[in-house]
1. Give ALA374, ALA400, ALA368, ALA404 a once-over and let me know the one that is loosely packed, with under 14 Cβ neighbours inside 10 Å and over 16 Å from ASN76 (Cα atoms).
2. Being closer than 12 Å to SER306 by Cβ and in a loop (DSSP other than H, G, I, E, B) is the filter here, so list the residues in the stretch 338-367 that pass it.
3. Is it the case that some residue within the stretch 324-332 is at pLDDT 90 or above, within 20 Å of ALA243 (Cα to Cα), surrounded by 14 or more Cβ atoms within 10 Å (Cβ to Cβ) and within 21 Å of the chain's Cα centre (by Cα)?
4. If we keep just the residues of the stretch 162-219 that are small (Gly, Ala, Ser), in a loop (DSSP other than H, G, I, E, B) and open to solvent by less than 60 Å² (accessible area, probe 1.4 Å), which is nearest to PRO122 (Cα to Cα)?
5. Kindly establish whether LYS100 is of a type in the set (Lys, Arg) and either surrounded by 13 or more Cβ atoms within 10 Å (Cβ to Cβ) or closer than 25 Å to SER403 by Cα (or both).
6. Among residues belonging to the stretch 238-287 that are among the hydroxyl-bearing types (Ser, Thr, Tyr) and within 24 Å of PRO85 (Cβ to Cβ), point out the one that is most open to solvent (accessible area, probe 1.4 Å).
7. Would you point out the residue of the stretch 382-410, among those that are out of contact with any strand residue (DSSP E or B) (no Cβ under 8 Å at 6 or more places or on another chain) and among the polar types (S, T, N, Q), that is farthest from GLN14 (Cα to Cα)?
8. Consider the stretch 133-151. How many of its residues are open to solvent by less than 70 Å² (accessible area, probe 1.4 Å), outside any strand (DSSP E or B) and at pLDDT 95 or above?
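The values are calculated or read from the model by the stated rules, or taken from the named source; none is laboratory data. Nothing here was measured: the structure is a model prediction, and the numbers come from that model. Ideal geometry is used to build each Cβ from the backbone, glycine not excepted, and the neighbour counts take in all protein chains shown. Surface accessibility is based on the protein's heavy atoms, side chains included, excluding ligands, DNA and RNA. Shrake-Rupley method; radii C 1.70, N 1.55, O 1.52, S 1.80 Å.
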Amino acid sequence: MYKEVSEKLLSFLQASPTAFHAVENMRERLTKEGFTALNEGDKWALEPGHNYFVTRNNSSIIAFKIGNDLDHYSFNIATAHSDSPSYKLKENYELQVVNKHYMQLNTEGYGGMIDSSWFDRPLSLAGRVLVKNGNALETKLLKFDRDLLMIPNVAIHMNRKVNDGFAYNKQVDLLPLMGGKDTQPGDLKKMIADELNVKEEEILGQDLFLYNRMAPTIWGAHEEFISSGHLDDLQCAYSAMEALIAGHHDKNIDVMAIFDNEEVGSGTKQGADSTLLYDTLTRINHALGKDDEDYLRAVASSFMLSADNAHAVHPNHPEHTDVNNCVYMNEGVVVKTHAGQKYCSDGVSTAIFKILADKCDVPVQYFANRSDKAGGSTLGNISQAHVSLNSVDIGLPQLAMHSAYETAGIKDTYYMIKVMTELFNTHFVEDGSHLLRIE
């Protein structure tokens with residue numbers, strides 16, 4: 001069962017080289033499962049017992065199931081993010097260099113990637129293109145499904161310090177090579193137009209990123225590991241989608257919220273620090289004939305899983321992780337805590353999560369950074385600034401986070417889907433006397 005789940009995840013990852021593709025793939029899957037698409041610009045007419053989804057910027061998506069017994073309803077929410085570190089094309093992206101013998105692409109870093117992991121491997125381009133269609137502006141997904149680019153290393157003979165902690169310069173060392181002297185300015189735009197079957201002059205804008213062409217794989221002596229690009233955080237996003245499809249409680253409005261731009265701070269109209277979650281939850285509330293008081297009562301009994309991957313103990317460098325608040329692949333879902341609240345987990349939310357995991361027989365691990373190392377933050381606290389509810393930060397253990405090719409455990413996607421499904425099958429009631437009932 002672990003391998004079957006992982007194979008489906010890896011197929012999803014290979015089809016999702018950018019956040020735009022990931023959300024489109026989720027949209028297609030949810031539609032097949034009977035979810036109805038909503039538009040933020042339309043008036044919503046919602047019915048109990050029905051399922052819906054809405055997207056923003058084509059790179060964030062919120063899907064939800066509405067129960068039939070909503071007298072004392074709450075929101076059960078699983079969040080993750082759709083973006084991953086990469087290199088984005090600048091507006092003027094073609095560079096002829098070395099007396100026009102080479103054509104490079106001018107890129108800039110998106111998020112905090114491991115630069116060295118992008119060298120000497122087949123790359124290509126994917127994202128969205130904005131095309132003029134009469135009086136309308138149409139968004140088209142683009143994915144060059146072929147080896148198109150490479151970022152070549154400098155030979156060790158010319159850079160003797162390459163293995164001594166060499167510092168890469170993104171404007172010098174990380175520009176991808178697209179062609180030789182036969183490649184001319186305008187060739188890429190023509191390739192884009194041909195790929196999309198549009199005229200070059202109809203292309204008005206683009207958000208295009210490099211992506212790693214190496215196929216995902218299952219490996220190890222006992223096939224215990226998986227490797228792919230975008231495990232952080234599409235592994236959790238995929239799990240949330242599968243869990244929402246599988247689970248539900250009739251007293252809940254169960255919600256999957258996948259945000260873009262987590263890797264660059266979430267401060268966009270489609271990020272976790274936007275009003276997207278609040279807007280959606282309040283619109284659901286009002287479309288069902290509920291008032292503001294009903295909404296606040298529902299939030300008081302709601303619970304959120306903020307899911308973003310965690311650092312597994314590194315086999316070569318165990319010293320980077322805390323001596324006993326450390327985690328391993330294939331040994332369970334991770335609860336992440338931080339005394340300074342970079343993670344939103346606290347005693348209450350951790351206890352609730354333990355109950356959920358115990359109910360579905362999912363193993364749990366606990367992660368905290370070494371006290372002398374600064375860790376990252378994630379979606380939980382950011383989204384809570386807009387919708388404040390009990391929330392726990394969780395994730396799946398992985399190696400080489402933010403590499404172009406990351407590694408995780410073959411069992412862990414199954415574990416995450418299972419515990420998220422348990423969330424959606426559970427109803428919480430806050431009674432105001434320091435007691436949270438779990439039904």
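1. ALA374
2. Correct list: LYS342, TYR343, CYS344, SER345.
3. So far as the stretch 324-332 goes, yes, one or more of its residues are at pLDDT 90 or above, within 20 Å of ALA243 (Cα to Cα), surrounded by 14 or more Cβ atoms within 10 Å (Cβ to Cβ) and within 21 Å of the chain's Cα centre (by Cα).
4. ALA215
5. On the way: of a type in the set (Lys, Arg): yes; either surrounded by 13 or more Cβ atoms within 10 Å (Cβ to Cβ) or closer than 25 Å to SER403 by Cα (or both): no.
Judged against the criteria, LYS100 is not a match.
6. It comes out as THR268.
7. Once the filter is applied, the top-ranked residue is SER388.
8. Total satisfying the criteria: 3.
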